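Engineer: If you scroll down you'll find the structure; I have some questions about it.
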Amino acid sequence: MTPYEFVHDTQTPRVVFGAGARAHLAGEAERLGIQRLLVVCTPGRTALAEELSATSGGRIAGVFNRARQHVPSEDLETARAAAITAGADAYVSIGGGSAIGFAKALALHSGHPIIALPTTYSGSEVTPVWGVTDGGKKTTGRDARVLPRSVIYDAELTLSFPPELAGPSGMNAVAHCAEALYAPDASPLTSLYAEEGIRVMAAALPAIVKSPRDIAARSEALYAAWLGGLALGAVRMGLHHRLAHLLGGNFGLPHAETHAVLLPYTMQEKLSEAPDALRRMAHVLGAEDAPTGLYGLGRQVGVPESLRAIGMRDNQVAQAAALAVAAERDAGEPRPEAALRALLQAACSGQPPGPGAGG
Ligand code: NAD
C-alpha cells in the first residue's frame with residue numbers, strides 16, 4: 001500500500017481547550033440541552049467536583065466519586081444508583097481514564113451524553129472504547145454512545161497531577177502515538193497526530209518534572225494527550241497495547257506505568273518489522289533509535305525502572321509469555337514464544353533495551 005491509499009473515518013468530540021476552560025462547563029451543558037449532570041470522579045477529585053457544582057449554574061445534580069481503574073461491575077451498580085437518585089440526563093467525568101471509564105459504562109447503558117474534563121493523559125476522552133471488569137475479566141468494545149460529546153481540556157486541573165504519575169501517564173499517550181505510526185489502518189492524518197504527539201509530549205514531560213506548576217508545559221502535555229487519544233481512537237493498536245492489556249488484566253499491574261515501562265521493549269521488538277515508523281519516532285524524539293530514546297525519556301521523567309518495580313514477579317514471566325503467544329496468534333500476528341519471553345524478561349528486570357533485550 002502506498003502512503004496515499006487509505007480510509008480515514010473517525011468521529012471526534014468537540015474540544016474546548018485552555019487554562020481555566022472549566023468555566024465553560026455550564027455553557028457546554030447548555031449547548032447539549034443538559035439539565036442534570038452526574039459528576040463521575042475518583043475520590044481525589046471530590047473537591048474539584050464541589051468547586052464545579054458551585055460554579056455550574058445548578059446543573060450538577062449529584063456526584064459519584066468512587067471511580068477506580070478498569071470499571072469493576074460491582075462499583076458500576078453503585079454509580080447507576082447514584083445516577084438514578086440524581087435524575088441525571090448526562091455525565092461529567094472529572095479525572096483520568098478511570099473516571100471517564102465509569103462515565104462511558106453508564107452512557108453505554110443509558111445513552112446519555114458525556115462531557116469530559118480530563119486530568120491525566122490517557123486519551124480515553126476522545127475514543128469510543130469502553131471497558132467493564134466482571135469477575136476479574138475485562139470486556140471491552142467500541143460504541144459511538146460512549147464517545148464524549150464535549151471535552152474540556154483545562155491545564156489548571158492538571159497542576160496537582162504529581163510528576164511521578166504524570167511521567168508514566170504521558171508515556172501512555174506516547175504509546176498510543178507510537179503504535180499508530182505502524183498501524184495497518186493508519187492514514188497520513190493519524191501519522192501526523194502521532195508524530196506531533198510524541199514530539200510535544202517528549203518535550204513537555206521533562207519540563208513538568210522540573211517545574212510541576214509550569215502551565216505552558218502542562219498545556220502542551222494535554223495537547224499531546226489529545227493527539228494520542230485521537231490516534232488511539234482512529235486506528236488499530238498492536239503488540240504493545242495487547243501486552244500492556246494482558247499484564248494489567250492478569251497480574252493487576254497499574255495501567256499507565258505498565259505502558260510506560262514496556263514501551264522501549266515493544267519498540268525494540270518492532271524495530272526490524274516497522275523500520276520506517278521507528279525511524280520517524282526516533283526523529284521526533286531526537287534520538288539515535290526509538291527504543292533507546294524512549295528508555296532515556298522514561299528515566300528522565302520518573303517512569304518506574306522495571307515491571308518488577310510495579311509488582312510483577314520474575315516467576316510470572318513464563319505464564320505471561322504463554323498468554324502473549326495466544327493473544328498475538330488471535331490477533332493474527334503470531335510471534336515466537338522465545339521472543340515474547342525475552343521481551344517480557346527484559347522489561348521485568350529493567351535492563352536497557354537492545355538486541356537480545358526484547359528484540
Ligand atoms: P486514573 O484515571 O486511574 O488516574 C491515576 C491516578 O491519578 C488516580 O489515583 C487519580 O485519582 C489520580 N489523578 C488523576 N488526575 C489527577 C490530578 N489532576 N491530580 C492528582 N491526582 C490525579 O489513570 P489513567 O491512566 O488516566 O486511566 C487508567 C484507566 O483508563 C484504565 O482503566 C484504562 O484501562 C483506562 N483507559 C481507557 C482508554 C480508552 O480509550 N477506553 C484509554 C486509556 C486508558
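Engineer: Please specify each residue of region 84-105 satisfying the condition of being under 19 Å from S56 (Cβ atoms), open to solvent by 10 Å² or more (accessible area, probe 1.4 Å) and not hydroxyl-bearing (S, T, Y).
Structural biologist: If the condition is that a residue be under 19 Å from S56 (Cβ atoms), open to solvent by 10 Å² or more (accessible area, probe 1.4 Å) and not hydroxyl-bearing (S, T, Y), then G87, A88, D89 are the ones that fit.
Engineer: Report whether or not A54 is modelled with pLDDT of 95 or more, among the aliphatic types (A, V, I, L, M) and open to solvent by 10 Å² or more (accessible area, probe 1.4 Å).
Structural biologist: Against the criterion (modelled with pLDDT of 95 or more, among the aliphatic types (A, V, I, L, M) and open to solvent by 10 Å² or more (accessible area, probe 1.4 Å)), A54 does not qualify.
Engineer: Another one. Regarding region 159-170, can at least one residue be identified that is within 14 Å of the ligand (Cβ to nearest atom), outside any helix (DSSP H, G or I), within 16 Å of the chain's Cα centre (by Cα) and under 28 Å from Q300 (Cα atoms)?
Structural biologist: Yes, that holds for at least one residue.
Engineer: Follow-up. Among all residue pairs at least 6 apart or on different chains, which show Cβ distances below 7 Å where the first residue, located in region 192-205, is over 11 Å from H176 (Cα atoms) and of a type in the set (A, V, I, L, M) and the second is at pLDDT 95 or above and not in a helix (DSSP H, G or I)?
Structural biologist: Between residues of region 192-205 that are over 11 Å from H176 (Cα atoms) and of a type in the set (A, V, I, L, M) and residues that are at pLDDT 95 or above and not in a helix (DSSP H, G or I), the close pairs are L205/V301.
Engineer: Check off (1) away from the ligand (no atom under 13 Å from the Cβ); (2) of a type in the set (A, V, I, L, M, F, W, C); (3) surrounded by 23 or more Cβ atoms within 10 Å (Cβ to Cβ) for A234 and give me the number that stays unchecked.
Structural biologist: Among (1) away from the ligand (no atom under 13 Å from the Cβ); (2) of a type in the set (A, V, I, L, M, F, W, C); (3) surrounded by 23 or more Cβ atoms within 10 Å (Cβ to Cβ), A234 violates only (1).
Engineer: While we're here: Across region 22-65, which residue is farthest from the ligand (Cβ to nearest atom) among those that are in contact (Cβ under 8 Å) with a residue 24 or more places away in the chain, in a loop (DSSP other than H, G, I, E, B) and farther than 14 Å from I115 by Cα?
Structural biologist: Once the filter is applied, the top-ranked residue is G57.
Engineer: Still on this structure: Give the residue that is modelled with the lowest pLDDT, with candidates limited to residues of region 71-105 that are in a helix (DSSP H, G or I), hydroxyl-bearing (S, T, Y) and under 18 Å from V129 (Cα atoms).
Structural biologist: Among those residues, the one meeting the criterion is S73.
Engineer: Also: With the requirement that a residue be small (G, A, S) and either crowded, with 24+ Cβ neighbours inside 10 Å or outside any loop (DSSP other than H, G, I, E, B) (or both), what does region 106-154 give you?
Structural biologist: The answer is A107, S110, A116, S122, G123, S124, G131, G141, A144, S150.
The values are calculated or read from the model by the stated rules, or taken from the named source; none is laboratory data. Being a predicted model, the structure only gives us computed values, none of them experimental. Cβ: placed from backbone, ideal geometry, glycine included. Neighbour counts: every protein chain shown. Ligands, DNA and RNA are excluded from the accessible area calculation, which covers all protein heavy atoms including side chains. Shrake-Rupley method; radii C 1.70, N 1.55, O 1.52, S 1.80 Å.
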